[in-house]
Each structure stands twice: as C-alpha cells, then as structure tokens.
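S.K.: Here it is, the structure in full.
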Amino acid sequence: MIPGIYIHIPFCLSKCGYCDFYSVTEAGKIPLFTTSLIREMEMYRGVFDRFDTIYLGGGTPSLLGADQTGQLLDALHRTFLFFDDTEVTIEANPGDLSPEMASSLYTAGIGRISIGVQSFDDGTLALLGRRHSATEAITAIENARRAGFGNVGLDLIYGVPGQNIRSWLETIHTALSFAPEHLSCYQLTLEPSTPLGLRYRSGEIVPPDDALLCEFFMKTSETLEAAGYVHYEVSNFARGDEWMSRHNRKYWDHTPYLGLGPAAHSFSGNRRWWNHRCLDRYIEEVGRKVSPIGGSEMLTGEQLRLESLYLGLRTKRGVDLDEFAHRYGCDLLHEKGELLRTMQREDLITITGNHLRPTRAGLLLSDSLPLL
Amino acid sequence: MKSIRNFSIIAHIDHGKSTLADRMIQHSGVVDARNFKNQILDNMDIERERGITIKSQAITLPYRSKDGKDYTLNLIDTPGHVDFSYEVSRSLASCEGVLLLIDAAQGVQAQTVANLYMAMEHDLEIIPVINKIDLPAANVERVMEQIDSELGLDPYTSLACSAKEGTGVEEIMEAIVQRIPPPKGNPEAELATTIFDAQYDAFRGTIIHCRVFEGTVRSGDIIRLMHEGTTHKVEEVGHFLLPRQKDESLSAGDVGYIIAGIKTVSDVQIGDTITSDRRPCAKPLPGFKESKPVVFASIYPIASDDYEELAVALEKYKLNDASFVYQKDSSAALGQGFRCGFLGLLHLEIVQERLEREYDLSIILSVPSVRYRFTLNDGREVYIDNPAHYPDSMSIMKSEEPYIRAAMMFPERHMGAVMKLCKEKRGENSSLSYPSPGRIELVIEMPLADVIYDFYDRLKSATQGYGSFDYDIIDYRESKLALLEILVNGDRVDALSQIVFKGNARERGLRACERLKEEIPRQMFKIAIQGAIGGEIVSRATISAYRKDVTAKCYGGDITRKRKLLEKQKQGKKRMKMVGSVAIPQSAFVAILKSDNT
Ligand SMILES: Nc1nc2c(ncn2[C@@H]2O[C@H](COP(=O)(O)OP(=O)(O)OP(=O)(O)O)[C@@H](O)[C@H]2O)c(=O)[nH]1
Ligand code: SF4
Ligand SMILES: [Mg+2]
C-alpha cells in the first residue's frame, strides 16, 4: 500500500459549461497559491511513507506555467520521500500545450500527461463550452509526443446532447490514431448546478436517452477492447496493463493518498479528510499556519466494506472474495449466494475461483451491484 | 355528588372534540399555560402526528359556575374514526350526558348520527354543539335545520362555539352544569364500579379507569373483579387530573382510576364490574359489547433474525391495546411471524406504525383479510382469516363471508356515483331516506371484504369529500369464494394471497398484478408477476430490468458522496422483503387492496 500525492490546482481560464470541479478564474492568485501549497506540504512532513505517484489535477494545472510547476515538484521532493519510478501526471488543456510548454513540463520531470481533449468534433466542443477546437487538440497531442511524452492519456466525453453514436465513434477513431497509452471516456453528467445542467432542466437541451447511453457505453468498450485496450474501470482504458493509471487506482482500493490544495481529499487508514472548497480561505488559513481541513470522517468497518465492494465492482479487478471475507468478516458467496447466482445468470458478473468481477453489462450497473 | 357532572364529547371524525376539550381544560386552569399544547389529551405521538384521537381520554376539571357553586366535571374525549367506535360506547357507559359536536361547515355526518344513537341507547342528556363557527364556510342555520330534521333534536337546545378561538366555551360549561343531571347512586351502598378502560404503566402495572355507580372504594380495600373472579388489594385511587391525582376514595358518581397491583392489562376485562370482596353487590352492571377484530393480517419481521424481538414487542404492545389480538403464524415465503386481528384498516396501520416506531422494528404485513366461514363436506364449520389456510376446494360444501350494514350520508347530487360504487361492491337491500332537502341517507348491506378493499377512499372521491360512512357487522352470507395466489418470478408469495369473491377473481388478479408492478421497483433483472386461481394463471405483468446505473467519475472527492448515497439506498432496501432474489417493498402488501382510481 504505497501512498500517492494529489495536488489540486484550482484555476481555469473560464468555466466549462458542465464542470463542477472546484476552480476559479482569478489567475492573479497563482503565485500566492503556490506559496500556500508549499506551506501546506510542510504540515505533512514525516506523516506519510515514501510515495510513488504525484498527480497534478484541477482545474487546469497547465495554467501554472513551467516555472511554478517546477517549483512545486522541487518542494515536493524537499518535503517528502519518493520512489525512483514515481509516476508523475499532469492534466493539461490543449490550448496550453505549446511545444515549449510541453517540453518544459517534460524536462521538469513529468512523465505522464493527461490531455483534456473531450471531443474531436467542434460542435460538441462548443456545446460543452470548451475553449479549444479539434485542431488545437490534435496539435497539443502532437506537441506532447514531440516533447518526449511516452505516456499520453486523452480525456473524452460522450452522451452529449445532439451527439450520435457515429460522431462519437469518429472521435474515438481519431483518438486511436494517436495510439494514446490511456483513454478516459466519461459519460457526460449533467450536474444540476452547472450552466449545462440548468439548460437541461429547463428543457433547452436534451441528452440521449438511457437506451442510447447504454449503446454508447457498450460500443465504446467493444471498440476500444477490439483495438487492444483494457477496460479496467467504468470510464478508463489502458493500452495494456502497464499503462493503467497507478495513481487513480489508489482511490479504488483504499490505498492512502494525500491531497493538497483547496477541496482536495486525503485518505489514510480508515480516515478521510478534505480541505475547504475555497481558495481564499485556503490561502488565509495556511498563511496563519492553520490546517485548511474542512471536514473529515472515520470510516466504520461497515463503511469500509461498502466502499471496498462498490469501488471494486467498478473495476475489472473486481472483488477478491477470500480477501473480502478475511478483511470484513462477510462471506458474500455464502450470504448472498442466490442473488449472486441470479446476477451471474443475467450476465452481470462472473465468479471465477474466488474472484467476483463485473462483466461489461455489469459495469454499466456498477451503482446497483453493491446493493446486493 | 350533586356537584359532579360526567359527560363525553362525541362527534364525527375531525369535528373538533379534542380542541374543545383543550379549551375547557384551559378554562378550568388545571394546566398552566407553559405546559399547554394543542390537543393535549392526544398524548400518543401517532395521535399528535396524524391529528386524530385513537383512545378515549378522561380528565377531571374543576368549574365554578355563574351562580358561584363549585362543580367537578369529568370529561371524556372520544375518537371519531369508525374503527374506534367501541371506545365511544365504553365511554358513554360512564356518563350522564354528552356534547354532540357538529362541524358548522360540514354539518351532520354519518358518525354524528351513529354516535347520537349510541348516546340515546344509554339514555343520556344530549347537548348539540355547533363548532367551528369561525370558518368562512360555516352555516349555522343549515346545521340547525339538520339537527332538527336529521337528528330529531330541538335545534334551540343547541349551542354554538369556535373551539379554535374559544368563543362560546363558557356557555357550554354552564350548560353542562345546568342540563346534564348529576349522577345518582349511594356512596354507602355495596360497591359497583364499571371498568371502561385499562392502561399499562411500567411502574404501577395496570391502571384501571372506572366509573363508580354505587358505594365507595378506598385504598386498602379488597376488590373483586366480578367476571374475572379475581380479588386484589387496592393500592391507590384517584382522579384524572393532569397528571393523575391520588385521593382518599372514589364514591358513587366519580370517574377515576384504581391501581391494585394487577400486572397486565389482559388480567382485567373492559366492561367488567368491580365490587367489594367483603360486601359484594348483587349482580354485575351491564357490560359492553366486546370489540371484535374484523380485519386480519400476518406480521413478519423484514430480517428473520428479528423474530424474537418482534415477539417481545407484540407482547408489550398488547399490554396497552386490548383490542389487538395475535397468535403465531408462519409463511413459506416470509418465514416466522404472527397472525393478528384488527378493528379495521386504520387500526392495522396504527399498530404497524407504532410497532415500527416505538419498538424500532421493520415489519411486513401480509394482505389484510376478513374472516370467512366454510362448511366442509364432513359437516364441520371452520373460520378462516388466513389465505394460507384456505381449505382444499374439493372439501368445501358451503362458503360464507361477513356482511355489514353501511350507513352513508351525502349530498343528493352524488347519488349516481355512490350507487354505482355500491353496486360494484356487491351492495344489496338498500334503503334510501331524505333526512333533509338535498341530502341522502343510504343504508345498504355489503360484504365486509369489499369495504376494507378501498371502499372508504372511493366513497370520498365519489362524493368529492362530502360523503361519510358508518357500519356495523350484521351476519354471514353464502358466497362463492376463490383463492387468488401471486407468483413472483415463479415463486409463490403466500403473504400476497387473497381470498376473493369468485365473480371478481380474475379482475382482482389483474389488478393485483398491476398494483405490484407499480410498487415493486425495477431491478437489474426482469421480474414476472403472475396471478393464479386454482393453479391456473389468470393474470400477469412484467417489470422490465433497468440496464444502466453508473456514475462516470469516482475519484478522491467523489467516494464519500457516492458511499452516502449507497448507504441511503441500502437503508431503503431494508424496508423491503427479499423473496427469492426480488426485493418487495412493504407498501406492496397493502397496495394490493387499493384500486387505481383513488
Ligand atoms: N377553524 C376551526 N377549526 C377547528 C375548530 N375546532 C377544531 N378545529 C380544527 O379541526 C381539526 C380537528 O380537530 P380535533 O380537535 O383534532 O378533532 P377531533 O374531533 O378531536 O378529531 P378525532 O379525534 O380524530 O375524531 C384540527 O385541525 C383543529 O384545529 C374550530 O372551532 N374552528
Ligand atoms: S477546464 Fe476542466 S476544470 Fe476547468 S472548468 Fe473546464 S472542465 Fe472544469
Ligand atoms: Mg380528537
């Protein structure tokens, strides 16, 4: 259980219409924020063991610029211990990935880049409220490759109002033409508080119906698996096991992680805590050497059990029944045998040896499976 | 004794009995303003939440009349709902008079008439009180006409008040003193006391509520329960103040309580006569009509591990609700449980809610049923209230079901709709009267089973809320019956079975499937629901599976939120019973009895 570090960079040039991540558009506060982050790192000195992942997420981490990113990484290395092969990821928006920027990020020691392409269709990009065009996305990918990135991930979104299967498959095929090591394909979630969510509620935009969304999901999975990708989590695909996101997998099996920056979540042992979702408060509190923690919870055995089941059932790895019984004192095969058999018959799960795994159709029901 | 007045407040449901009691309590000053709350006599949580009275409550109020004399008023607030009318009849047995409340906007309703008759049977002084005169829709004149034509009382003896605002309360209290006769009886005579209620108190055991007709009872006396034949030593007597107030003695004319070290409420019988062991009275006072359960259903714990807990809860619950009866039962689909008898569907709902709330249990009730009578080929007569015990159809010579006589009152313009409904409910031998212009009283005989099956809701909608209804059970009548069984994904769910009138069986089967289809939530796989009569499938419905339920993103910040959602869903699922791999919600078992036009 080697821990990972997540850093939340809460800045964006503008807000995309569907986004409910915590981010602000006041880029002027970046320097103050970077100083604060470095102070917050201090608060955790000596608390965690050696890390093997760093993930710069956001917001738009690529807004920091090469210098500040370098500063952050240096500070991390001064404060914490890392394994040599630490996976360092940055999320980048296509508009920011000039050849220079890409090179300096790579030189700063970042080996993995996840590019927020979302779509190769300009109409879809416009509806989503993204700042970039399809052409810019392509240029960004090329720049990353040229800069030396051997581990490129692309983020894509489907189920967008007006989108049909054919146009989505075109986006997928364009993505595949770059042979990315990693693909995240997210179904668009219309969060109620976002501009897109409001337009949906008012009836102005109509997302594809459930039957079509099922088809999107199944087609995505079939197409990418046929192209040699592993569908290793509901929305994540890797071009082979070695390209799965080491960092993100920590979220799904109760590995400890330290989250720094406003709204970042941390987990260790059976405790989860999170920082205030407010940049100003974060800067102010850290400035006073006060912990910016906004809340925390101690998970009971029952809660750990539920999380482990539902998170496990979102992944190809599934749930190891022996280990589950051992850790949580619950023999699923014994207690839920009849239901499991029904689900097996309905082709939602497979049970091989002592392993319970969701099938492709099962992944599509992964919010219901853990209710068994 | 000349200064005592014993009376009940009776009325149709919601006409304001408990509210008027509040005003009289406040007027007498027995509760200080700080401790006062509305409908103060409705002290059970469930009464307060639903805003209805379930149990009669007695309270003693001091009153100084206009002529300067001091009186003791023993007031009993009664429930209005038809399920609890036996509570009213018991209360009346301890009174010399009643306040018959009539809502000034709604006018005379079915229970107004039913309660009036009860008061007349007990030969009580009746003071009609028109309440809610503050309402914009109040029509005092019209109600006075109804008092004359529909109740046959002199409208000029009626008083008007607003229990809500407190107007007219003084006049009512004065009328109680002037018009209701003081109790008769001799404090020196042999003790004769009627038990009209009994409540369980964890510290004192049974608290007997009683009315003394003759003689005097003091603490230390040895009393005898005449029917039960047991003797007890009196520990304490007193009056119903808020809270109880201990006194030296209770004498002829008094309403009060006796504590005599009696452990459980089942050891005393409501209606029994208490006398002195040393100097008994010659014969017991007239008893009450026994309250008989008319609706039956089985109760099962949702988690079978909770069976023992349920058993304990029922035993405790029963201590305070003598009209509730139960015995062991078991179901192939739902496991160990209890077969229970109730006074009606409201009573059933209340028992269910109190068990869940006061004992923190999650329970399932099987489909409610009435009690049928079968004569078998060998001449034996059996009563069956549980579909699981339905006799082999080849062995049945004759089948009968209970009938009621229903009395309904409603505006004439709804005649067509009501008659149509009654016909659908197999009503027969109807008679009509026009108690006052534009109003109809319909008396009709119907099978009880069809009345518990959504009749009341349907009557309300057929009369746009203006219809009221009262009933008495009359007798058993021959009827062709059938057993309707329900299969869920091929498994027979015995708790969903119903005994039905053969003529309606198919249609009931269809409706049951439809209702279940609405009640059982979609699941990850298809669910087939079938209705069967004598092994033949007569109806079916399919609940299609849902294919998609997935959150796209689940990273650090999403995990807690998502878990909380699942916890909530799991909590919801705890209220469902697993039958095979299908989760059936509690509501499905009662919903089967409701039709879709409600
Ligand atoms: N406007 C108005 N509302 C009243 C008056 N008296 C009672 N109410 C309202 O009528 C409703 C029923 O009052 P209750 O006193 O609970 O009636 P009840 O007759 O005791 O009802 P049950 O015990 O269920 O039969 C409540 O909402 C009261 O606030 C009145 O004089 N005027
Ligand atoms: S760039 Fe990313 S974080 Fe920023 S608003 Fe758009 S979707 Fe949200
Ligand atoms: Mg009341």
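The values are calculated or read from the model by the stated rules, or taken from the named source; none is laboratory data. Computed from a predicted structure; not experimentally measured. Note that each Cβ is placed from the backbone with ideal geometry, even for glycine, and that neighbours are counted across all protein chains shown. In case anyone asks, the SASA skips ligands and DNA or RNA and just uses the protein heavy atoms, side chains included. Shrake-Rupley method; radii C 1.70, N 1.55, O 1.52, S 1.80 Å.
S.K.: I need the calculated FRET efficiency for the pair A:E225 and B:D491, taking r as the beta carbon distance and R₀ as 45 Å, to the nearest 0.05.
M.R.: Values: r = 38 Å, r/R0 = 0.83.
Computed FRET efficiency for A:E225 and B:D491: 0.75.
S.K.: If r is the Cβ-Cβ distance from B:E356 to A:H355 and R0 is 45 Å, what FRET efficiency results, to the nearest 0.05? Walk me through the numbers before you get to the answer.
M.R.: Values: r = 40 Å, r/R0 = 0.88.
Computed FRET efficiency for B:E356 and A:H355 comes out at 0.70.
S.K.: Quick check on the stretch A:221-267: what are the equivalent-ellipsoid semi-axes from the Cα gyration tensor, as sqrt(5λ), descending, whole Å? Please report the intermediate quantities before stating the final value.
M.R.: Numbers: eigenvalues 148, 21, 14 Å².
Square roots of five times the eigenvalues give 27, 10, 8 Å.
S.K.: If you don't mind, there's one more thing I want to ask. Could you pull out the pairs from B:K423/B:K594; A:K336/B:K573; B:K548/B:K568; B:K184/B:K263; B:K2/B:K246; B:K460/B:K577 whose alpha carbons sit more than 24 Å apart here?
M.R.: Numbers: B:K423/B:K594 17 Å; A:K336/B:K573 14 Å; B:K548/B:K568 19 Å; B:K184/B:K263 32 Å; B:K2/B:K246 22 Å; B:K460/B:K577 32 Å.
Too far apart for the 24 Å limit: B:K184/B:K263; B:K460/B:K577.
S.K.: While we're on this one: Leaving ligands and nucleic acids out of the surface, order B:S497, A:S193 by accessible area at 1.4 Å, largest first. Could you put the intermediate results ahead of the total?
M.R.: Working: B:S497 10, A:S193 95 Å².
Largest to smallest exposure gives the sequence A:S193, B:S497.
S.K.: Which translational diffusion coefficient, to the nearest whole µm²/s, is obtained for the stretch B:1-149 from the Stokes-Einstein equation, given a Kirkwood hydrodynamic radius over C-alpha pairs, 37 °C and 0.692 mPa s? Present the calculation step by step, with values, prior to reporting the outcome.
M.R.: Numbers: Rh = 15.8 Å.
It comes out at roughly 208 µm²/s.
S.K.: Give me the extension gain from B:E424 to B:T230: residue separation times 0.36 nm, minus the current Cα-Cα distance, reported in nm with one decimal. Write down the numbers at each step before the final one.
M.R.: Values: separation 194, 0.36 × 194 = 69.84 nm, distance 5.06 nm.
Gain on stretching B:E424 to B:T230: 64.8 nm.
S.K.: Let me ask you something else. If r is the Cβ-Cβ distance from B:R50 to A:D84 and R0 is 60 Å, what FRET efficiency results, to the nearest 0.05?
M.R.: Efficiency for this residue pair is about 0.30.
S.K.: Leaving out ligands, DNA and RNA, and with a 1.4 Å probe, what % of the accessible surface on the stretch A:301-371 is carbon or sulfur?
M.R.: Result for the stretch A:301-371: 45 percent of the exposed heavy-atom area is carbon or sulfur.
S.K.: First obtain the Kirkwood hydrodynamic radius of the stretch A:77-214 from its Cα pairs, then insert it into the Stokes-Einstein equation at 4 °C and 1.567 mPa s, and state the resulting D in µm² per second as a whole number.
M.R.: Diffusion coefficient, whole number: 79 µm²/s.
S.K.: Could you pull out which residues in the stretch B:561-581 have an amide N less than 12 Å from a spot 7 Å beyond the Cα of B:S304, following the Cα-Cβ vector?
M.R.: Those under the cut-off are B:578-580.
S.K.: Given a 1.4 angstrom probe, what's the average accessible area per residue across the stretch A:244-327, in square angstrom? Don't skip to the answer; put the middle values down first.
M.R.: On the way: 3260 Å² over 84 residues.
Result: 39 Å² of accessible area for each residue.
S.K.: Rolling a 1.4 Å sphere over the protein heavy atoms, what is the accessible area per residue of the stretch B:192-276, to the nearest Å²?
M.R.: Details: 3290 Å² over 85 residues.
Per-residue accessible area for the stretch B:192-276 comes out at 39 Å².
S.K.: What percentage of the solvent-accessible surface of the stretch A:4-252, computed with a 1.4 Å probe over protein heavy atoms, is contributed by carbon and sulfur atoms? Write out the running numbers ahead of the final one.
M.R.: Values: 5000 of 9710 Å².
Here carbon and sulfur together make up 51 percent of the probe-accessible area.
S.K.: Can you grab the distance from the C-alpha centre of the stretch B:60-85 to the C-alpha centre of the stretch A:123-167, Å, no decimals?
M.R.: 81
S.K.: Need one number: nm distance between label points at A:V47 and B:E478, each 7 Å from Cα along Cα→Cβ, rounded to one decimal.
M.R.: For A:V47 paired with B:E478, the spin-label model returns 8.5 nm.
S.K.: Please give the charge dipole size of the protein assembly as shown, origin at the Cα centre, charges +1 on K and R Cβ atoms and -1 on D and E Cβ atoms. Round to the nearest 20 debye.
M.R.: Numbers: 111 positive and 132 negative charges, 210 e Å.
For the protein assembly as shown, the charge dipole is close to 1000 debye.
S.K.: Here is a further query. Just the number, please: buried accessible area between A and B, total of both chains, 1.4 angstrom probe, nearest 100 square angstrom. Before the final figure, lay out the partial values.
M.R.: On the way: alone 16500 and 27030 Å², together 40110 Å².
When A and B are taken together, about 3400 Å² of accessible area is lost.
S.K.: Which longest run of chain B has no exposed loop site in it, a site being chymotrypsin sites (Phe, Trp or Tyr not before Pro) in a DSSP loop with at most 14 other beta carbons within 10 Å, and the site itself not part of the run? Walk me through the numbers before you get to the answer.
M.R.: Numbers: sites that count: B:F36, B:F203.
So the longest stretch without any such site is B:204-598.
S.K.: How large is the Rg to Rh ratio of chain B when both quantities use alpha carbon positions and Rh follows Kirkwood?
M.R.: Numbers: Rg = 26.5 Å, Rh = 26.5 Å.
For chain B, the value is 1.00.
S.K.: From the residues B:Q569, B:V582, B:A482, which one has its Cα farthest along the dipole of the stretch B:482-591 in the positive direction, the dipole being from +1 and -1 charges on Cβ of Lys/Arg and Asp/Glu about the Cα centre?
M.R.: B:Q569
S.K.: For the stretch B:204-280, restrict the atom set to alpha-carbon positions and state the Rg and Dmax in Å.
M.R.: 11.3, 33
S.K.: Any idea what the dipole of chain B comes to, in debye rounded to 20, about its Cα centre with Lys/Arg Cβ at +1 and Asp/Glu Cβ at -1?
M.R.: It comes to approximately 2260 debye.
S.K.: Tell me, what is the per residue accessible area of the stretch B:19-140 in Å², probe radius 1.4 Å?
M.R.: Working: 4440 Å² over 122 residues.
For the stretch B:19-140, the per-residue accessible area is 36 Å².
S.K.: Could you calculate, for the stretch B:243-315, the ratio of the Cα radius of gyration to the Kirkwood radius, expressed as Rg to Rh? List each step's numbers first, then the result.
M.R.: Working: Rg = 19.0 Å, Rh = 17.0 Å.
Using Cα coordinates only, the ratio equals 1.12.
S.K.: Express the Stokes-Einstein translational diffusion coefficient of the stretch A:174-224 in µm² s⁻¹, to the nearest whole number, given a Kirkwood radius over alpha-carbon pairs, 37 °C and a viscosity of 0.692 mPa s.
M.R.: Values: Rh = 13.0 Å.
Stokes-Einstein gives a translational diffusion coefficient of 252 µm²/s.
S.K.: Per the Kirkwood definition applied to all pairs of different Cα atoms, how many angstroms is the hydrodynamic radius of the stretch B:472-550? Please report the intermediate quantities before stating the final value.
M.R.: Working: mean 1/r = 0.0730 Å⁻¹.
Averaging 1/r across every pair of different Cα atoms and inverting gives 13.7 Å.
S.K.: May I ask for log10 I(q)/I(0) of the stretch B:92-176 at q = 0.14, 0.20, 0.23, 0.24 Å⁻¹, from a Debye sum over the Cα atoms as equal point scatterers with solvent left out?
M.R.: -0.44, -0.89, -1.15, -1.23
S.K.: Sort out for me the Cα centre separation of the stretch B:90-149 from the stretch A:189-226, rounded to whole Å.
M.R.: If we compute the Cα centre of each part, the gap is 63 Å.
S.K.: Do you know which residues of the stretch A:152-197 lose at least 50 square angstrom of accessible area in the protein assembly compared with their chain on its own, with a 1.4 angstrom probe?
M.R.: A:Y186
S.K.: How big is the dipole moment of the stretch B:482-591 about its Cα centre under a simple scheme where the beta carbon of each Lys and Arg is +1, that of each Asp and Glu is -1, and everything else is neutral? Debye, nearest 20, please. Present the calculation step by step, with values, prior to reporting the outcome.
M.R.: Working: 23 positive and 11 negative charges, 139 e Å.
Result for the stretch B:482-591 is approximately 660 debye, rounded to the nearest 20.
S.K.: Measure of size requested: the Rg and Dmax of the stretch B:295-366, with Cα atoms as the atom set and Å as the unit; please supply both.
M.R.: 10.9, 31
S.K.: Moving on. Carbon and sulfur together cover what percent of the accessible area of chain B at a 1.4 Å probe radius?
M.R.: Details: 12050 of 25230 Å².
So the carbon and sulfur contribution to the accessible surface is 48 percent.
S.K.: Where the Cα atoms of chain A are projected onto their three principal axes, how long is each span, largest first, in whole Å?
M.R.: 58, 47, 43
S.K.: Suppose we flag trypsin sites (Lys or Arg not before Pro) only when DSSP calls them loop and at most 14 other Cβ atoms lie within 10 Å. Which is the longest uninterrupted stretch of chain A?
M.R.: Working: sites that count: A:R45, A:R50, A:R288, A:K289.
Longest run free of exposed loop sites: A:51-287.
S.K.: Given all pairs of different Cα atoms, what value in angstroms does the Kirkwood hydrodynamic radius of the stretch B:373-478 take?
M.R.: Working: mean 1/r = 0.0659 Å⁻¹.
Kirkwood hydrodynamic radius for the stretch B:373-478: 15.2 Å.
S.K.: Considering the Cα positions of the protein assembly as shown, please state its Rg to one decimal place and its Dmax as a whole number of Å.
M.R.: When restricted to Cα atoms, the protein assembly as shown yields Rg and Dmax of 37.3, 115 Å.
S.K.: Okay, next question. Can you list the residues of the stretch A:229-266 whose accessible area drops by at least 20 Å² going from the chain on its own to the full set of protein chains, with a 1.4 Å probe?
M.R.: With the partner chains in place, the stretch A:229-266 has these residues losing at least 20 Å²: A:Y251, A:W252, A:H265.
S.K.: If the chain between B:K2 and B:K289 were fully stretched, how many nm would it gain, using 0.36 nm times the residue separation less the Cα-Cα distance?
M.R.: 100.3 nm
S.K.: Here's another thing I want to ask about it. With a 1.4 Å probe on protein heavy atoms only, tell me which residues of the stretch B:515-557 lose at least 50 Å² of accessible surface in the complex relative to the chain by itself.
M.R.: B:M524, B:F525, B:R547, B:K548, B:D549, B:V550, B:A552, B:K553, B:C554, B:Y555, B:G556
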